[in-house]
Structure formats: structure tokens, C-alpha cells
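Below: the structure, in C-alpha cells.
The values are calculated or read from the model by the stated rules, or taken from the named source; none is laboratory data. Quantities reported herein were computed from a predicted structural model and do not represent experimental measurements. So basically every Cβ, Gly included, is an ideal-geometry build from the backbone, and we count neighbours across all protein chains shown.
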Amino acid sequence: MPELVVENIKKSFHGTAVLEDVNFTVADGEFFTLLGPSGCGKSTTLSCVAGLETPDSGTIRVGDQVFFDGTRRSTVPPEGRNLGLVFQSYALWPHMTVADNLALPLKLRKVTKGEQRRLIDDVLTKVDMAHLRDRYPHQLSGGQQQRVALARGIVYSPGVLLLDEPLSNLDAKMRDQARVWLKDLQREVGITTVYVTHDQVEAMSLSDRIAVFMHGHLQQVGTPTEIYETPATPEVAGFIGRCNLLEGRVGATEGGAVQVELGETGQRLRVAGACSAGSSATVGLRSERITLTDRADAPHDGAVNVLRARIEQCSYTGARFEYELSIGDVRVHAESPVRHTDGEINLIIRPDDCLLFPAQV
């Protein structure tokens, strides 16, 4: 399978920029996810790759074939790109059986009937739908329709598979199951895949690498571990997982760490990292990496960071308790396996668990 290269893509609608200098490369056989909130440009990027939208400038190519060249103003139409595309609506023909839906793209490519049957049988076996080949879409569950749509997208062996929020119409339990078999299928087929979602859990569990979009800009590209552990910006940190973002000013700097004074709270944090003394900074605190102790208890031995807070709300989610806390006027979210009832509480945070973001100039 070929690699996909997107270089310096820009796109505007009615004078409003929706993509600004987007660059990324998807390796052969890679599962690559475009992640971000609604309106960030991820689906527009996918549409540009598919040929459903034409960029204003830049280059898009798959392997040796150039799909779009903004300098030469040349573009290959969607039907000439040999891409698989699966929408969140599935777009199955209601008057056609499962097998007939899969046969349609093969007929358009003038595949012989014998080869059509072989390819359809093979892909339906891969998605565990061979026994339902004669059913109509209305006779299938949502999860089954999703599998048929995916099978149709790969039955003709496209160079790249494009998936636009394909799991969004499934309920929570079915989405969990679909993530598992979708990743298994992608690995079995070995197809280069670009996946669009706003769901961080989908992105983290499915992807080899993730591209995080914000406001038409590509903020960061990395593995799920890199995106979570070392986010490039406060926006990325706040979007991936539950991360509290606290504004402060850098005080003393020493030994690969800095002291950050947290606004008007009168409290400070020691944070691993480098930042100029006197400058503004944002500190990110992952909810699950905050240890809670009752105010009456002695702090953990060797604890460097102990913040005083008040419990405003406690919710039981089954696996843990979730807390809304206040540090002065600042709200903080934390998680704990232990229920704390006292209104006053201590937050213990390791310096290495703090994310440090110097102020943007």
C-alpha cells in the first residue's frame, strides 16, 4: 500500500480560512487519525484528500500519483483516485442487498462476475457478514450496516481507506466492540487508513499516530503516548483526556524545575521543565495523577507539591469517584478510588506529573 503525503494545504470558504498550511505523511499500512473538535478542519482535510473539496494551495499525493498540485492547478477527480471512503451515514443503497451494495463499485470498475463473487465472498468473511449477504440494509442492525459500509470501502482494494466518523451512529457498547474489530481488520488487510473523529478514546485506542487539529491548524502529530504524555500546547492537553489548566507566573528556577505561583491563590507548584523566571506559564494537571488526602492527614512522605482545596462536588461513576474542587476561584477536576467527605482536602502532585507550557509570545 502506498503512503499519503499532504503538503502545505490551505482551504477557505467564503473568505474564511478553515485550513492553514496542513502538513502530514501517512506511512504505508499506518492507521492515522485526524482528531479535533467540531469545526476544526479535520473533515475538510479528508474531503480534500478524497477529491470532494479542492484546496486553495498545496500538494496531495499517494505514492507516485499526484492528486492535487496547487502550483500547476491540476487535480485528479474523485473517481480517478482509487480511494475507499466510508461516511458516518453509511450511504448504503436501501433497494440493494448486502452483496449487491458491494458489487456496485466492482461493476463500475468492470470486474468480471466471477471475480466479483470471489472478492465479495472474501471481504464479507473478513467482516463476519457472509451469512447476511442477501439481506437488505433495513434488515440489519446499525453495527451490521457499519460493517457492510466498511466492506464496500475495501472490496476493490483501494490505495488508501478514508473513514469519516464511521462509529458515531453506534451506541456506546457497540462502539467499544467496533473499535476492536476495526483495528483487527485494518491490521489484517494492511491498508493505509486515515480516520476522522472527535472522540479521543477512539483516536487513542485505534491509531498508530494522531494529528490533532484546532481552528484549522495542525497542532501536533505523534503516537497516542506522545500526544498524551507530552502535548505540544495547552489546547492539545485540554482536549486529550481530563487535564486541568492553571495559569501562573514562574518564580525560582533550579535543578531542571521551576516554581509556578498560581495566580491569586497564594499557592505554588514545583514543575519539571524550563521556563524564564518572571514569565507567565500554564500548568497542566491530569485528573488521574492527582492524589487526594483529607486535610487532617499528614502529607505523603517527601511530597513536594501539596495544594489546599475544597470539595465542591463528588460523583460516583462505578470505577472511581470524580471530584470538582476549588482552589480559591480556580476549579480543578480530580479522580480517586476513595470517597472523601470532608470539605477541605489536600491535592498531592508529583513535579514530573505536571505539564509546563510557557506563555506564547
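Of these, Ala151, Ala130, Ala172, Ala103, which one is in contact (Cβ under 8 Å) with a residue 24 or more places away in the chain and not polar (S, T, N, Q)?
Working: Ala130 fails: in contact (Cβ under 8 Å) with a residue 24 or more places away in the chain; Ala172 fails: in contact (Cβ under 8 Å) with a residue 24 or more places away in the chain; Ala103 fails: in contact (Cβ under 8 Å) with a residue 24 or more places away in the chain.
Only one candidate qualifies: Ala151.
At least 1 residues being over 27 Å from Val123 (Cα atoms) is the threshold, and among the strands (runs of 3 or more DSSP E) wholly inside segment 176-244 those reaching it are 209-214, 217-222. Checking each residue in segment 245-258 for being free of Cβ contacts under 8 Å to residues at least 12 places away in the same chain and either touching a Phe, Trp or Tyr at 6+ places or on another chain (Cβ under 6 Å) or part of a strand (DSSP E or B) (or both) picks out only Glu254.
Just the residues that are buried (at least 17 other Cβ atoms within 10 Å of the Cβ) and outside any helix (DSSP H, G or I), please, taken from segment 134-155. Result: Leu140, Val155.
When His215 is tested against (1) on the phi > 0 side of the Ramachandran plot; (2) surrounded by 19 or more Cβ atoms within 10 Å (Cβ to Cβ), only condition (2) is not met. Just one of the numbered conditions (1) within 11 Å of Gly143 (Cα to Cα); (2) among the basic types (Lys, Arg); (3) touching a Ser or Thr at 6+ places or on another chain (Cβ under 9 Å) is not true of Lys183: (1).
Out of all the residues in segment 291-304, is one or more at pLDDT 90 or above and surrounded by fewer than 16 Cβ atoms within 10 Å (Cβ to Cβ)? Let's see the steps before the verdict.
As a first pass, look at segment 291-304 and keep what is at pLDDT 90 or above: 291-293.
Narrowing the set further to residues that are surrounded by fewer than 16 Cβ atoms within 10 Å (Cβ to Cβ) leaves none.
The answer is no, given that none of the residues of segment 291-304 is at pLDDT 90 or above and surrounded by fewer than 16 Cβ atoms within 10 Å (Cβ to Cβ).
Going by what's in this entry, would Leu182 be described as in contact (Cβ under 8 Å) with a residue 12 or more places away in the chain, touching a strand residue (DSSP E or B) at 6+ places or on another chain (Cβ under 8 Å) and assigned by TED's automatic domain parsing to the domain that holds Gly143? Answer is no for this residue. The set of residues from segment 317-333 being without any contact (Cβ under 8 Å) to a residue 60 or more places away in the chain, of a type outside the set (Lys, Arg) and in contact with an Asp or Glu (Cβ under 8 Å, 6 or more places away or on another chain) comprises Phe321, Glu322, Tyr323, Glu324, Leu325, Ser326. Applying the condition of being within 20 Å of Ala359 (Cβ to Cβ) and acidic (Asp, Glu) to segment 218-253 and asking which residue is surrounded by the most Cβ atoms within 10 Å (Cβ to Cβ) yields Glu235.
Lys10 meets the conditions (1) part of a loop (DSSP other than H, G, I, E, B); (2) under 25 Å from the mean Cα position of the chain (by Cα); (3) of a type in the set (D, E, K, R) in every case but one. The failed one is (1).
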